[in-house]
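Heads up, the thing below is written out as C-alpha cells.
Each reported figure results from applying straightforward, stated rules to the coordinates on display, with no laboratory input. Since this is a predicted model, take the numbers as computed values, not measurements. All Cβ positions, even for glycine, are placed from backbone atoms using ideal geometry, and neighbour counts span all protein chains on display.
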Amino acid sequence: MLTTKQKFADALREWVEVFMRRSMRETVQFWKDAGLSMPQISAMMRLHHHGACGVSEVGAHLGVTNAAASQMVDRLVQLGYLERAEDPNDRRAKQLTLTAKGRALVQKSIEARRRWLDELGAVLTAEQQTEIADALGSLTAAARDLDKAKP
C-alpha cells in the first residue's frame, strides 16, 4: 500500500509530466511557426524575465561562447526582436533589450502556452477549480519557502 508521501510524489510527478509536455508543445510549436530556434527563444525569454543584459550574459545563459551568442543576437537584431544600446554604466559595452516587436512575440508565446490551461479549467467544476487552486497555492508557497532557504 502506498503511503501518503508516495501518493503525493506520484501524483505530482504525473502532473508535472503532463503539464510540461503540454506547455512545451504549445510553446515550441508557436516558436517554430515564428521561425526561431530554441537558443533564440531562450535568449528572448531571458531578456523578458530578467531585463537588459550584455551578449556575454546571453552566452553564459545559453552555455555558448560569446562569438556564438553574438552571432545569434545579430540575427535577432536583424529580425527586429532585439536592439543594442549603450550601457549607461560602461559606454564601451552594449546592452540588449527586447524591442516592442520582440516583447509582443514573447507575450503571444506565453499566451499560446497558457491557452490550454483555460481549456483544462473549462472541463472542471467550480468546486474542483477551488480545491485545486487552494492546493496549488499551498504547493507554490512551500516551493517558494524552499527556494528562500537555499542560497
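List of remarks:
- Cα-centred dipole magnitude for the chain, charges only on beta-carbon of K, R (+1) and D, E (-1), debye, nearest 20: 400 debye
- Just so you know, the Rg over Rh for the stretch 37-98 is 0.92, from Cα atoms, with Rh as the Kirkwood radius.
- Between the residues Leu62, Ala11, Ser23, the greatest Cα displacement towards the positive end of the dipole of the chain, with unit charges on the Cβ of Lys, Arg, Asp and Glu, is found for Leu62.
- Contour minus Cα-Cα distance for Ile110 and Ala133 (0.36 nm per residue): 6.3 nm
- Taking the helices alone, the chain has a mean residue ellipticity at 222 nm of -25500 deg cm²/dmol, built from -39,500 (n - 2.57) per DSSP H run of at least 4 residues and averaged over all its residues.
- The stretch 37-98: relative contact order in percent, alpha carbon pairs under 8 Å with at least 6 residues between: 35 percent
- Between Thr97 and Phe8, the simple label model (points 7 Å from Cα in the Cβ direction) yields a spacing of 4.5 nm.
- In the chain, the alpha-carbon atoms span a convex hull of 174 Å³ per residue.
- Summarising the amide proton neighbourhood of Gln95: residues at separation of 5 or more, or on other chains, whose placed amide H is nearer than 5 Å comprise Ala85, Glu86, Asp87.
- Total formal charge among the other residues, if their Cβ is under 14 angstrom from that of Leu82, Lys/Arg +1 and Asp/Glu -1: +3
- Pairs from the list Lys5/Lys150; Lys94/Lys148; Lys5/Lys108 with a Cα-Cα gap above 29 Å: Lys94/Lys148; Lys5/Lys108.
- Among 138-147, 14-23, the order from most to least packed when residues are scored by Cβ within 10 Å on average: 14-23, 138-147
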